[in-house]
Each structure stands twice: as C-alpha cells, then as structure tokens.
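Remarks on the structure that follows.
Values in this text are rule-based calculations from the coordinates and carry no lab data. Nothing here was measured: the structure is a model prediction, and the numbers come from that model. Please note: Cβ atoms are built from the backbone with ideal geometry, for glycine as well, and neighbour counts cover all protein chains shown.
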Number of protein chains: 2
Amino acid sequence: MAKLLNDRDIEFQLYEVLETESLLQRPRYREHDRAIFDATLSTARNIAAEYFAPHNQKGDANEPTFDGQKVTLIPETKPAWDAFADAGFLASHHDFDEGGSQLPEVVLRASMAYFNAANVSSTAYSFLTIGAANLLKSFGSDELKQKYLAPMLDGRYSGTMALTEPDQGSALGDLRTLAKPAGDGSYRLFGNKMYISGGDHELTDNIIHMVLARIEGAPSGVRGISLFLVPKFHVNDDGSRSQRNDVALAGLLHKMGYRNTTSTVLNFGEKDGAVGYLVGEPNKGLGYMFQMMNEARIGVGLGAATLGYQSYLEALDYARDRPQGRHASNKDPDTPQVRIVEHADVRRMLLMQKAYAEGSMALCLYASTLVEDANTAPDESERKAAAELLDLITPMVKTWPSKYGLMASDLGIQVLGGAGYTREYLLEQLYRDNRLNPIHEGTEGIQGLDLLGRKLGPKGGDGYAEFQRRILSTLDQATGMETCGSLASQLKNALSTLQSVTSDLQQQLSVDPDHGLSNATMYLDIFGKILVGWVWLKQAIVAEKALASGASESDEAFYKGKVHAARYFMSWELAPLEGYARLLSEGNRSNLDMQSDWF
Amino acid sequence: MAKLLNDRDIEFQLYEVLETESLLQRPRYREHDRAIFDATLSTARNIAAEYFAPHNQKGDANEPTFDGQKVTLIPETKPAWDAFADAGFLASHHDFDEGGSQLPEVVLRASMAYFNAANVSSTAYSFLTIGAANLLKSFGSDELKQKYLAPMLDGRYSGTMALTEPDQGSALGDLRTLAKPAGDGSYRLFGNKMYISGGDHELTDNIIHMVLARIEGAPSGVRGISLFLVPKFHVNDDGSRSQRNDVALAGLLHKMGYRNTTSTVLNFGEKDGAVGYLVGEPNKGLGYMFQMMNEARIGVGLGAATLGYQSYLEALDYARDRPQGRHASNKDPDTPQVRIVEHADVRRMLLMQKAYAEGSMALCLYASTLVEDANTAPDESERKAAAELLDLITPMVKTWPSKYGLMASDLGIQVLGGAGYTREYLLEQLYRDNRLNPIHEGTEGIQGLDLLGRKLGPKGGDGYAEFQRRILSTLDQATGMETCGSLASQLKNALSTLQSVTSDLQQQLSVDPDHGLSNATMYLDIFGKILVGWVWLKQAIVAEKALASGASESDEAFYKGKVHAARYFMSWELAPLEGYARLLSEGNRSNLDMQSDWF
C-alpha cells in the first residue's frame, strides 16, 4: 500500500499532542470511543490508497476535456468519488439523525489528509461538496434543504462555491452577477464566474452551485451581495432530475497542476436567466460565504501541508536509498559511497521539509480542534475563546502551509537533484500541484490584509489576547525541561518581538492605514513563524516527556526527531525574524513609496 | 516584436555601469566601436524575437519524441539553430583569424540573454556547442581541432558535455565509464551517461560529445578522469560523414520544463566500444572540464536571471494593465478600481522581482567582465586578480540567480493570481523552466561546498582579498552621496558580518571539516546576498549621479527605480543576514547532529 502520511505522526498529533480522546467526555461524542476514531482513519487510509492514489499521476497526465457538450474525466475518478461517498465521508461530521456519524472535526480533518495525500485533485470534488452542503445546512430554508441537502450528503449531487468573476478577482465587493426577482420567490441570475473548481463534470446527477450575486438595486460593494443556490439541473418535487438550468460551461482552464479538478468559466443566464434560490437573507451573502471560505481556508492549508508532507516522505525515501559521494573529511575514493541522507546539506533540506510539513500538519489539526471547541466545548467562554483564536489564526493556517509546504515540495525536488526535475518521480507533480495553494481561497497578500487590517486592526482583538495567553501557558510548561526549556526561551524572545512589532503596526494603522498595511504580508509571515514555533514547542514538550518516561526503540527515534526538528525550528526559522521586525517597526516605506513608472 | 528584456537596462549595465566602451582601448578590440557592440545586441534581439520566441510555448507543449530510431523536435527548432549559426554567434568570441568576430565577453553574454529570454530550451543546443568547442579549442590536438572545430563553429556540428552517470550524480570522482586503448591512439569507451542535454537530435550533421571517462588502470577518484571527444558519427578525412559510432540513445528523460532541450540517457559501447579520442593529457580531464563547467555555470546563472527577468516583465505588464480593488483607505465601492500595480503588496512583489532579476542580470554581466579581464586586461596583475575573483564568485553567479530568479518567477505567478497558475499565461512555463537552474551544473549544495571548502578553505584565498578590496572601493565612492551614502553604510554592516562569519567558519574548518562545511549552503546564501548588494550599490551610484546631473523624463524614472530597488535591497534583503550569521558563527549543529532514523 502506498505510504501516504507517517501514521505514527498522525497518531502522535491526535492522541498525544491534541488529546483527542478527551473529546469522549463531551455529550456529543458519548457514543464514540478511540476505536471508532481509529477505524475512521483507517477507512480513509484504505480508500485513499485503493481508489485515489492509483490514478493520481494518470489524472495529471490526462486532464479533463470538454467537447462542447460534456466534460470527460479519466474514468477512475467516478469510482473514487463513489467510494468516498459510500463510506459516508460526505456526511460524517453531521449528526447521527441527519445521516452523519457525528465525528469530531480533528478526526475528520486527519482522515481528509489521507485523501489529499493520495490525490489532491480528485479529492477536491468531495471537499467542495462538503463545504457547499455546510453552507446550505447553516443558512438555507427548510424547503431548500429538503430538496438539495440529502443528495449532497449521500453523493448523488456535488457542490461548488462560485465567487470569482473575470473582472473582479480578489475584490469580491465588485462582483457584477445580477439576480432579478422572478416574481415566484426565485431569481434569475445573469453573469460570468471564473476559476470555479468542479464547476462542471459528469461525476454526479447534479451540481449545486452556491453563487454570490447582487440583487437588482442592491447597494454596491460588499454590503449588496447575496447568496444563491443554483442547480445545474432543475429538480422535480419528487426529487427526479428535470431540464438543464441556464448555466453553461464556457470553457475549462488549463492549469499547472491540480489537473484532475476541473477549473471552469461558467456563464449564468445566456438565455433567460439561471434560476437561483436565495439562501438566507438578501445582502448577507458574503458573511455566509465566509463561513465556507474559512472552512475552505483550513482545507487549503491542510492540502498544502499534505502535499508538502508527501514531498518530504518521497525525498526521505530517496535519500535513505540513494548512495552518492562521501563525507567531506573522507578523501579516499576507494571507500564505499554513503547514502545521501548522510550528507549534512541533504539533512538540512530534509530537516527543513520535516519542520515545514509536520509543522503545517500540526497547525491545521490544531486549528480543527478550535473549530471543534468553538462548537462543542462545554463552557460558553471556552467556545468563544476558541472561535476568536480561530478567527485570528485562520490567515496563517491558510498561508503558512501554502508557502512552506510548497517550499517542502521544492526542497524535495532539490534532494533528488536531476531525478526530481523529471516526471519519472512524483515530486515533479507535487510541486506543480502545491503551487496553487498560495493563490486560491485568498492569496497571501489578501490574508495579510485580513490578519492585520481586520483581525487585529488598530486595537488588537480578543483572539490576539487569547493567543498570547495560550502561548505563554505553553512556555510555562517548558520551564525546567532540559531541551524544551531553552527552546521556550528562544520562542519567548520571538514572541516579545511579535508583541512590539504588533503594537508599532497598530500605531501606524491608526495614523495612516495605507502605510500601516503596506507591509502586512511580512507581518503575516512573522506571525506565522511564531505560531508554528509554538506548535513545534508543544510537540517537543510531549516528545521530551515521553523520552524521559521511557519509550520503545522506534518511538525513541521518533520522539528524538520531534525534539530535534523543534530545535532546528527555533534556531533557523526564527533567526531572521528580528531583522524583518525592525523594518516593520520603523515603518519601512519601500513598498509604499515605489512608483509605477519607476519599475 | 516581443519584449524580451528591458533594453534600457541592458544598455545601462553595459555602458553606464560596466563601462564596456573602455574595452575599445585594448589591442584586441582596436577595430571595434560601440556601434558594432550595439549592432551585435540588436542582431541577437532580432533573431531571438523572429526565430526563437514564437515557438517557445509550442516547444513546451510538444516535447521531443524518440521512436527508437530518431529524435524529433518541433520543426521550428532547426531554422532557429540555423539563424543563430548563420549570424555567427557560435563563433563570435573567437579571433578574427579563426572565423570569429573577436567580440568582448560581456557584449556576447548580453546578446545571449536575449536568446534565453526568447526560448531557453531551444537556445541550449547552441550554448552547449559553444562550450564544447571552447574545450576542444583549448585542449584538443591540432588534428582533432582541424577535423571537428570548424563545423562546430559554423553550425554543421553541435556539441555536448557528457559527465553524469546514473550511479554517480554530483560525485564525479566515482564515474565508471571505461576507456580502453585501441592500439591506434584512439580509445574504445564503455559506459552509460545520464541527463546529457542535447545528447541526441537531428538538428546537425553530427554531435560531438565531450565525455569524461577513466582509462583502464587509471587511479580511482578524481585523479583518474580523462576527457574524450566522441562523435556521434565517424568523420572521414575529407570531412564527410561516415558510419554511426557506437553511441546509442537509450531514452529521453521527461522534464518539468526546459522541454525542447532533449535530456538523454546515452549508452557508450553497447557493441565493440564507442571510438573516442583523448583530449589533452590522460587523467587531467576533470580540470579541463571545469573550464567548460565554469563557463556553463555563468551560463546557468544568466539563464536563470533571464527567466526571472522575463517573469518580472510579464508580471509588470499585467499589473499595470489589470484593474482590481482599491486602496485600503478607500472604502467607497462606487469609485473606480485601481490597477493592481497601485497596491502596496503587488509593488512589494514587483520590487522583489526587480531586485532579483535586474540584480541577477547585473551580477552575471559583471562576472563576464571578469572573464574578459582575466583574458585581455593589459596588466598581468589585473588579469590575475580578475581570474581569482571570478573563481571565488562563480558559485554565487551560478546559484544566486538560480535561487532568486526562480523566486522572481514564483512571485510573477503570485502577481497574476489565478491567471498565473493557468497555462494561458507564459509565467506558468517560466516557473517550470526556471526550476531546473538550481539543479544543473552543480546543485546549490555542491556550490556551497565549492565556495567554502575549495574557494575559501581554512585560510581564505586571494579572490576573497580582492573581493574585499573592490567592495570597499565602491563603499568609498558612495561616501557623501545623499542616498547611496546610507545604502553604503547598510552594506558595510553586512560586509563586516560576512567578514566575521567567514573567519569563524574558517576556524571551524580547521578543527573539523565536516562540522565547518555542514552549513555551507547558508554561508553561500549570505555571501551571495552581499555580493548582489554590492552589485546593486554600484548601479545606484551610477543612477544617483545621473539624476544629479540631470536626466530626461523617462531616464529619470528609470534611474529612480534603480536607486529605489537598491534601497529595497539594502533594507529587506540584508535584514535577515545577521540572524543567520549568528548561527553560523556559533557553529550550529542542527544539520550535522540530525540522525537518519530520527526523520
């Protein structure tokens, strides 16, 4: 079976670091036990290995085609979709009485990581459907839910999120798709959407588009955007499929990677308007969509983490297997070559990969425990704190794995050298697939503005206070520990850098927002490094304690690796922060002062 | 005509920064004048635009095929090769009496950059031929030169460099291709070579492989390697083509990019041995090959710089054209959208691209003036100093553009967002093409070892002393200048960091070479940043002076851009160095201490 992730690490994250078993205390999970969590993970792993992994490279080499009538995917995509749906994964986070298995968020996210690892582009159809269904469930009327939700949970229908338009990109407030009231409570939509993933295919009986549009006469900007459900096919009251709706595929986009996910240009209302149904209240669409986007952002982070993770595992296998060269101190050409993992520079790359990949994975799984706590923590204040912290860190959960996971893919190619640049090895595809992640669901620049401009702002927010409380508590835990004690003091220095740069930027923001925000992306990067540094310290504390209390031989190597990776992180990854923070604190104007005609 | 490079910038580098006209004083260039240099550049630009650029994307989408008998390239490749050869570019650095045009290195390198910009993979055939011909000219016997050199200079034959073998990779000392004396002065070669670019095709009548092999009974390791000329076809004494030599194409490798350059696996001696002719003396092959590799390393740097440069120009065009969003301080959705070049974060990315692309280009052109001076400077001590400095900086000339030029390509995609990820825009290809550069002609790790272990070593070298002399002289020039004065003091701080980290590492090297070399790649990165910082300061000094003495309106914007990019560089690019240098100075052992089973 293909090695998709390091199972020992996933187990470590879930049960040793994140203490997932403690969820069994909560009423919602009373009927579960650890065996059920493990069985879920193992089902995911098996289906991923059996139905998704085998066609990952085939899907890349044979991207979807459109003959003007229908979209064709490689045939392996459909059985994979079916296996995912049949195992109940489209519904598993829903309640028992809704047909779900009421599983905790973190168990499901970890399960999803196995699918990502097996085949990120075939998996996307399912993930989009889960997100669209959540949106419908949260904000749709009972009537809409009755008609469309069940088939999205059992795999008969799939879903999309249709936000972007050709002339608007990240500036959602400028979207122009128009919704005219039809008089019968429904609307007719007219407009064009672009980069809609999963926007057309034949995997399912129907595709449910969750579309942002502006009701005729609505205010301009973000305050006039509403959410509509627009099915590809009309549905009769008995649930059977009727005519095509007026939604047409204008064409497929051809991407660098992620190729088995169709990326589409969709025309709504080429004829008499695409029939759409308002979801929730008028003009509140963007707020609703953000629920889905925030989920999707954790999903992007997890996808990027997973691709980086696989890149690490592929490079590690190669490095342990490939003999080449000798140690620098050995000048005797008649001695045998060593495996390249023995070379310090190869270790450097693998260590960076490990720090990025496992750190990203740990971050995303931690974020999913915040989603969990925001929903199911017993205490109201705990739910609120989790929600606020999640809100704060979502920009980093999306961007850090996207940036550093891609670097892990890049480093993987470098470990393989010439071989890594050929399509004979999987890394070439992982690198191309992973390049999407810094772009979709909000670019790095957008996330920086979101973090500094919205989540913090001139006054900071409760999430920031909560972040500081929690990281300080981890630092306390490390006090007196042999290795973690010094790691904690390195992280503490970085934290105090963050605190002062944050207040300097808040000061700048209050004087001149354009200036204050002009280095937001670098601030995001600094914050992200400290956040992941924290995540690494938490892992190292667990590992150092486990080592102290005695571990099996293989566990000993595993825990030592965790401690050493944390040590690497606190030294090398935190090293540049002070230099950058100084520029932020002094309000460096390079970006702001550059003029268009000077380029 | 396609915009391949910023012509104004190339002119600035050649005539304002590098003072190329001063070469006209040297006897070798007595018959030239600036008009001839300009005409050479313009010929290159025209041929590149007419014959190379139009099939760049087609060559990417239709990679070479091999039917078991012959290799097929897209048909546009041949007329491009012919146009390059017919214009004399295969020979133009050679003497007049050898059929060359005796042009200075820097003019030719700048000309080559236009070809790289137009189509890096179709151009590679020519560049490899130039390198192979240089090797033959420098070390081949008169007999070999008579037979093979002229057709390599006029385009009838092409050339390759055949070093790598499947089981040896970067560790050249372990190569196993065997050369048995045939008794008639020639040899019979047996072995397999891999990743041989241009190793087979039908562009030319013949392909001349410059092959590293070990003569039967030669010492093991690097001291037993000899250089052989192995033609694809035997050549009769009258110059006509005879039988195939025993060199067989085992297969083509399928690459991420650079696709119109064949990458081959070649089998030498499947039957009775490939006939090869010794070039130079036995067992000195690696030294000879290093001449070609050092040229090739500048060539890789230049190629990477060029791809980064194009990525910058493509992103800049897009950013100036694409309206999206508003300034952060403008909350009114009814105001018009601005071009994305107006957004601070987009400017950040473009400014980074400019700093990387133009800095890389300036570095490579500067290196080519060192090649020039090493050969034609009037004074022996000047020639020696140039050669030593070139030797020192070659690892950075190869790696800095490869790393940061690729980042420029990456940033270009990010500027375009979703569009950049599609194959509808050139950036997608530029990114894939550019990913090769950190790998071939010595990976980043190999270059780090070369710099620290060989070029500097425990005692430093004359090149390092020369580097310090020259950079201090530039710092002196900036004294008293309004902007450059403060840029110089930033660079001076970084230089003193470099000096202390260098001596700390030399100390570590003298105690324990494995430890001293274990962070060599990071040292290479620090040195490279300071080297390029110097290159930027030199540009800024020229620009600030030009501004002070009055410039045309368009020149004013150009010069201001140069000064501002240098300002960006000294702030943001030098900012992290101190943090990293501290780890190097204290001899951080993260890479060294990591154990294989801890991963």
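For the reader, a short list of remarks on this structure follows.
- Surface/4 of the Cα convex hull for the protein assembly as shown, nm²: 45.8 nm²
- Quotient of Cα Rg and 2.2 N^0.38 Å for the range B:7-142, N being how many residues it contains: 1.17
- Under the Karplus curve 6.51 cos²θ - 1.76 cosθ + 1.60, θ = phi - 60°, whole-Hz ³J(HN,Hα) for the range B:350-366, x wherever Gly or Pro sits: 5, 5, 4, 4, 4, 4, 6, 6, 5, x, 5, 4, 4, 4, 5, 5, 4
- Computed on the range B:101-188, with alpha-carbon pairs under 8 angstrom and 6+ residues apart, the relative contact order is 19 percent.
- MRE, 222 nm, helices only [DSSP H, n ≥ 4, -39500 (n - 2.57), over chain A, to nearest 500]: -17500 deg cm²/dmol
- Charged side chains reduced to their Cβ positions (Lys and Arg at +1, Asp and Glu at -1) give the protein assembly as shown a dipole of some 220 debye around its Cα centre.
- At R0 = 60 Å, FRET efficiency that the Cβ-Cβ distance of A:LYS137 and B:SER552 yields, to 0.05: 0.40
- Separation of the range B:321-366 from the range B:184-234 is 49 Å, based on Cα centroids.
- Acute angle (nearest 10 degrees) that the helix B:105-118 long axis makes with the longest principal axis of chain B, alpha-carbon atoms: 90 degrees
- Bins of 10 Å from zero: percent of alpha-carbon pairs in the range A:157-283: 14, 46, 32, 8, 0
- Fewest neighbouring Cβ atoms within 10 Å first, the residues B:TYR125, B:TYR277 line up as B:TYR277, B:TYR125.
- If the segment from A:ASP597 to A:ASP332 were pulled out straight at 0.36 nm per residue, it would be longer than the present Cα-Cα gap by 89.6 nm.
- Cα-centre dipole for the range A:284-442 with unit charges at Cβ (Lys and Arg positive, Asp and Glu negative), debye to 20: 480 debye
- Rg over Rh [alpha-carbon atoms, Kirkwood Rh] for the range B:454-537: 1.03
- Label 7 Å beyond Cα on the Cβ vector: B:PRO54 copy-to-copy distances, nm: 4.7
- The HN-Hα couplings worked out from phi for the range B:432-437 by the Karplus form 6.51 cos²θ - 1.76 cosθ + 1.60 (θ = phi - 60°) are 5, 4, 6, 5, 5, 4 Hz, whole numbers, x standing for Gly and Pro.
- Inter-copy separations for B:GLU31, label at 7 Å along Cα-Cβ, nm, ascending: 9.5
- Listed from fewest to most Cβ neighbours within 10 Å, the set B:TRP598, B:TRP400 follows the order B:TRP598, B:TRP400.
- Each copy carries a label point for A:LYS492 at 7 Å from Cα toward Cβ; from one copy, the others' points are 3.8 nm away, ordered from shortest.
- For the range B:285-371, the square roots a ≥ b ≥ c of the C-alpha gyration tensor eigenvalues yield an a/c of 1.5 or more together with a/b exceeding b/c, which makes the shape prolate.
- Net charge dipole size for chain B [Lys, Arg +1 and Asp, Glu -1 on Cβ; Debye, nearest 20]: 700 debye
- Label zone at B:GLN468 (point 7 Å along Cα-to-Cβ), backbone N below 17 Å, the range B:425-456: B:452, B:455-456
- Given R0 = 41 Å, the distance between the Cβ atoms of A:GLU19 and A:ARG454 translates into a calculated FRET efficiency of 0.85.
- Extension gain for the segment A:ASP237 to A:ASP154, taken as residue separation times 0.36 nm less the Cα-Cα distance, is 28.0 nm to one decimal.
- Ellipsoid semi-axes for the range A:459-592, based on the Cα gyration tensor and the rule √(5λ), read 34, 14, 10 Å when sorted largest first.
- For the cross-link pairs B:LYS398/B:LYS545; A:LYS70/A:LYS255; B:LYS455/B:LYS492; A:LYS58/B:LYS3; A:LYS403/B:LYS492, the ones whose C-alpha atoms lie over 26 Å apart are B:LYS398/B:LYS545; A:LYS58/B:LYS3; A:LYS403/B:LYS492.
- When only Cα pairs below 8 angstrom with a gap of at least 6 residues are kept, chain A shows a relative contact order of 11 percent.
- Rounded Å value of the spacing that divides the Cα centres of the range B:18-45 and the range A:478-512: 56 Å
- Relative contact order of the range A:459-592, pairs being alpha-carbon contacts under 8 Å that are 6 or more residues apart, as %: 35 percent
- Spin-label model, B:ASN375 to B:MET481: label points 7 Å out along the Cα-to-beta-carbon direction sit 3.0 nm apart.
- From largest to smallest, the equivalent ellipsoid semi-axes obtained for the range B:284-442 from the alpha-carbon gyration tensor read 40, 17, 9 Å.
- C-alpha long axis of helix B:462-478 to longest principal axis of chain B, angle in °: 30 degrees
- Modelled spin-label separation between B:THR72 and B:SER510, with each label point placed 7 Å from Cα along the Cα-to-Cβ direction: 6.4 nm.
- The two copies A and B are related by a rotation, and the chain A beta carbon nearest its axis, with distance in whole angstrom, is A:PRO576, 2.
- Here the calculated FRET efficiency for B:GLU586 and B:GLU216, from their Cβ-Cβ distance with R0 = 30 Å, stands at 0.05, rounded to the nearest 0.05.
- Taking N as the residue count of chain A, its C-alpha radius of gyration divided by 2.2 N^0.38 Å amounts to 0.98.
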